[in-house]
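Contents: one structure, followed by commentary.
The values are calculated or read from the model by the stated rules, or taken from the named source; none is laboratory data. These numbers come from a predicted model, not from an experiment. No Cβ is skipped: glycine too gets one built from the backbone with ideal geometry, and neighbour counts run over all protein chains shown. Protein only, heavy atoms only, side chains kept; ligands, DNA and RNA dropped before computing areas. Shrake-Rupley method; radii C 1.70, N 1.55, O 1.52, S 1.80 Å.
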Amino acid sequence: MATTKLKRTSLYASGATPINMIQAAFYNEDCIVYDMEDSVPLAEKDSARLLIYNTVRYHRPANKYVMIRVNGLYSEFIEEDLEAAVRARPDAIRIPKVEYKEEAVRICQRITEIEKEAGLEPGKIEVWCNIESYLGMINAYEIATADPRIEALALGAEDFTASMKSTRTKAGLEIFYARNAILTACRQAGIEAIDAVFSDINDPEGLKEDTTLTRNLGFDGKTCVHPRQIDIVNSFFTPSAKEIKYALRVLEAVEEGKRLKKGAVTLDGSMIDKPMELRARTTLAQAEAAGVAIGGNLK
Amino acid sequence: MDMETNLQRRDILLTIPREKAELLAFLERHHLHPEDDLTYATALVNDEDEIVACGASNGRLLKCFAVNEDLRGCNALGRLVNDLTTYCMQQGCFNPMVVTRTHNVPLFENCGFSCVAQTEQVGLLERIPGGAARFAAAFRQSDDAGKIIGAIVMNANPFTKGHRYLVEQAAAQCDVLHVFVVEEDRSVFPFAHRLALVEQGTSDLANVRVHPGGPYIISQATFPRYFLKETDDAAVMQTELDAQVFARAIAPALNITLRFVGTEPNCGLTDQYNRSMQTVLPQYGIRLVEIPRIESGEQAISASRVRALLSQGSSPEELGELLPPVTTEFLRSEEGREIIHSLRQTK
Amino acid sequence: MIVKQPAVAGTLESSDIQVSIFPNPGNGLDIQLQSIAKAQFGDSILETTRAVLAEFEITDAVVSLVDKGAFDWVIRSRLQAACCRATESKFNWKGED
């Protein structure tokens, strides 16, 4: 299973092309998503399923969180996709276009049944739900809490904006509310929130701006459409040395305050409040997960 | 994930004049002139949506391949062949073929096609390895060993007394005679009728076996011309390839050592056909036997003469000199009358 | 199982293999391999091919393999897909539990 808990970047690899699947393992994304859905033509669903099954079960890339995106809940492929995907033993199964709690419940139950049939440890495979419509967004909290398997919600902006009759723009004002709604649901459910893709693979500056927003809003990661986006996105979710140093000083001051039983703790002349402490802990958790040497001794 | 060559597949919808014109213009730049029997075409396009490679098919043959120079080595041909093969299979043709210049044969072999036969100039490839030999082997019988085996290929459009005479003469010279009827529906008389007439018209000859010609007879109609240059002699290329396919793939599977043809002093193409046979077959231990045509009214009996007379208004009964009873009878049937009618319409 | 219809799986792209299976009733297995690495991997490709055909109990078929440098598990996947299509059967997912 995955040796990293980081989910900064997800990269899709089409189950229709072996070269794509093989190469995708050599980039720096945290999560690799073998896709049975949109990138696979209808006539190749069966062959993609077999290719993904054999790859994940017998040749999964090391040091990656491995996911399989199955076809839609109401497609003719979903049942066999699940049979194959569960038996392939990925870290997670990613479900497209989830709109209702009941859908998530049903899929999770079916996964449990197949796990039992196949003699696998029940509950081990996590589930990510893609939220790709206004309905999914409205029901995000219910979906997020539908089953303990559910590990993350991921915003799919192209389909979402289509459902809203909005125009997808680089600035992304049309998905600003959805980003916040999904993030809020995830925080309350205690699961990860994954932001939508930035589609223009030839605009690194645009990607940086968009990812700045992703991070500032509080997302845990972002889906990438192209390998060249991965390192940029990763960098935004990996705290800088300056940030780590500051976080360490904040927590040191807090600890010092506790030892001295101080009511209010100050650092560099400013008071340290609860949110600052929380942010500092997040920064260090991110750094630790990304393998950055922290140099402190704090939990 | 390929970063450098971001080529997208785009089918060329031949029913949309603008798209077809785009395809033709691209082929023109590659000095190719497509036939009008294309039913499907597909292309690879660049970021600007311009065609950079294309291929097409009529459902049985893959053709009209053109790939821009700067794409060589990007497996563009493989992607096109893939899509076109899939198309043919969806159309029910599981063994699509390619006719191409001989120097391009290895390119198609790299795409999963097997060479059936080739001449100095052109080669025929097929998708099922050994398909030709397997096709022919189906006509073998367990007691064929040691026998003298001959073959005739005929279009029989329609079956005449000339054909009957040729079969009789040939059958007398061998133990088993395979008669292959050209299988394509561009003739006036549909294949099913032509085959039936030959079968019925020779059923009294015990050692004659009549078969459909399958896709292995390279006729004028099946030979693609899109890649020909003005200096090429299409008739020579086509007939030599046909002779090679027969000698290399069909004859060995059936132990055929004699090939019979009728002489045709009046038809340049048939003459070329016979000359190509004479050049190729002996190299493979097959003897070409030319049998003079029988005449009626000082003219050789031929199917083209029959068609001409029918279209000029002759009735089937008036052609009794030229036609065996089975053919006369067929021409009197409703289907026969329809064919005569259409002959007269298109005159 | 009987090969009911011709079937193809895989592409001619790099790292893939195109597997075509055709009926060959009563005439056994006729496997034709073309590979960019035939000298090095030809035997292992044929071994995988025979193994998968045996798993599907296919005894009569013409099999054409055009290998573009595929890894073993890709070859296996393409063979399985082609066999399922040719025999008009579904893959037995429980088979490897």
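At-a-glance table
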quantity	calculated
Pairs where the first residue, in the range C:1-30, is aromatic (Phe, Trp, Tyr) and the second is surrounded by 18 or more Cβ atoms within 10 Å (Cβ to Cβ) and outside any loop (DSSP other than H, G, I, E, B), C-beta under 6 Å, 6+ apart	C:PHE22/C:VAL62
Residues of the range C:1-14 that turn out to be more than 10 Å from chain B (Cβ to nearest Cβ) and either closer than 23 Å to B:TYR87 by Cα or in contact with a strand residue (DSSP E or B) (Cβ under 6 Å, 6 or more places away or on another chain) (or both), as a count	3
Of all residues making up the range B:12-63, the number that are touching a residue at least 60 places away in the same chain (Cβ under 8 Å) and in a strand (DSSP E or B)	2
Only listed residue being open to solvent by 50 Å² or more (accessible area, probe 1.4 Å) and in contact with a Lys or Arg (Cβ under 9 Å, 6 or more places away or on another chain), chosen from A:GLU151, A:GLU142	A:GLU142
Test: B:CYS54 is within 26 Å of the chain's Cα centre (by Cα), buried (at least 22 other Cβ atoms within 10 Å of the Cβ) and closer than 21 Å to B:GLN220 by Cα	no
Exclusive hit being open to solvent by 60 Å² or more (accessible area, probe 1.4 Å) and more than 12 Å from every other protein chain (Cβ to nearest Cβ), set A:ASP30, A:ASP38	A:ASP38
Given (1) within 21 Å of the chain's Cα centre (by Cα); (2) within 14 Å of another protein chain (Cβ to nearest Cβ), number of the condition B:GLY112 does not satisfy	(1)
Within the range A:56-71, tally of residues that are more than 21 Å from the chain's Cα centre (by Cα) and not aromatic (Phe, Trp, Tyr)	2
Some residue of the range A:7-18 being facing another protein chain (nearest Cβ under 9 Å), within 20 Å of A:GLY123 (Cα to Cα) and charged (D, E, K, R)	no
Residue list for the range A:72-90, filter: open to solvent by 10 Å² or more (accessible area, probe 1.4 Å) and within 22 Å of the chain's Cα centre (by Cα)	A:GLY72, A:LEU73, A:ILE78, A:ARG89
Among the residues listed as A:ARG281, A:ARG259, the single one being modelled with pLDDT of 85 or more and within 21 Å of A:LEU6 (Cβ to Cβ)	A:ARG281
Any hit, the range A:186-194, residues being modelled with pLDDT of 95 or more, of a type in the set (S, T, N, Q) and either surrounded by fewer than 19 Cβ atoms within 10 Å (Cβ to Cβ) or more than 21 Å from A:GLN229 (Cβ to Cβ) (or both)	yes
Scan of the range C:17-62 for residues that are among the hydrophobic types (A, V, I, L, M, F, W, C) and part of a helix (DSSP H, G or I), ordered by number	C:ALA39, C:PHE41, C:ILE45, C:LEU46, C:ALA51, C:VAL52, C:LEU53, C:ALA54
Selection within the range B:115-151 - under 18 Å from the mean Cα position of the chain (by Cα) and more than 14 Å from chain C (Cβ to nearest Cβ)	B:ALA117, B:GLN118, B:THR119, B:GLN121, B:VAL122, B:GLY123, B:LEU124, B:ALA151
When residues of the range A:104-129 are limited to those that are under 30 Å from A:MET164 (Cα atoms) and without any contact (Cβ under 8 Å) to a residue 40 or more places away in the chain, the one surrounded by the fewest Cβ atoms within 10 Å (Cβ to Cβ)	A:ARG106
Check on C:GLY42, at positive phi and more than 8 Å from every other protein chain (Cβ to nearest Cβ)	no
The range B:76-100, subset open to solvent by 50 Å² or more (accessible area, probe 1.4 Å) and polar (S, T, N, Q), residue farthest from the other protein chains (Cβ to nearest Cβ)	B:GLN91
Members of the range A:55-83 that are facing chain C (nearest Cβ under 9 Å) and either touching a residue at least 12 places away in the same chain (Cβ under 8 Å) or aliphatic (A, V, I, L, M) (or both)	A:THR55, A:ARG57, A:GLU80, A:GLU83
Residue, modelled with the highest pLDDT, within the range B:104-136, restricted to residues that are of a type in the set (Gly, Ala, Ser) and open to solvent by 30 Å² or more (accessible area, probe 1.4 Å)	B:SER114
Exclusive hit being within 14 Å of chain C (Cβ to nearest Cβ), crowded, with 17+ Cβ neighbours inside 10 Å and at negative phi, set B:LEU32, B:LEU23, B:LEU62	B:LEU62
Some residue of the range C:80-91 being more than 9 Å from every other protein chain (Cβ to nearest Cβ), more than 26 Å from B:ALA133 (Cβ to Cβ) and not in a loop (DSSP other than H, G, I, E, B)	no
Total residues in the range B:312-342, condition open to solvent by less than 20 Å² (accessible area, probe 1.4 Å) and either over 21 Å from B:GLU199 (Cβ atoms) or assigned to a helix (DSSP H, G or I) (or both)	8
Residue satisfying all of: in the range A:41-54; in contact with a Phe, Trp or Tyr (Cβ under 6 Å, 6 or more places away or on another chain) and open to solvent by less than 10 Å² (accessible area, probe 1.4 Å); farthest from the other protein chains (Cβ to nearest Cβ) among these	A:ILE52
Every residue from the range A:117-172 that is more than 14 Å from every other protein chain (Cβ to nearest Cβ), more than 23 Å from A:VAL225 (Cβ to Cβ) and among the small types (Gly, Ala, Ser)	A:GLY123, A:ALA144, A:ALA146
Selection count where residues are more than 7 Å from every other protein chain (Cβ to nearest Cβ) and of a type in the set (Lys, Arg), scope the range C:63-77	1
B:VAL208 being in contact with a Leu (Cβ under 6 Å, 6 or more places away or on another chain) and open to solvent by 10 Å² or more (accessible area, probe 1.4 Å)	yes
Hey, A:ARG57 among the charged types (D, E, K, R), open to solvent by 50 Å² or more (accessible area, probe 1.4 Å) and in the same structural domain as A:GLU126 (by TED's automatic domain parsing) or not	yes
Single condition B:GLU338 does not satisfy, out of (1) under 26 Å from the mean Cα position of the chain (by Cα); (2) touching a residue at least 12 places away in the same chain (Cβ under 8 Å)	(2)
Every residue from the range B:272-296 that is of a type outside the set (S, T, N, Q) and open to solvent by less than 70 Å² (accessible area, probe 1.4 Å)	B:TYR273, B:MET277, B:VAL280, B:LEU281, B:PRO282, B:GLY285, B:ILE286, B:LEU288, B:VAL289, B:ILE291, B:ILE294
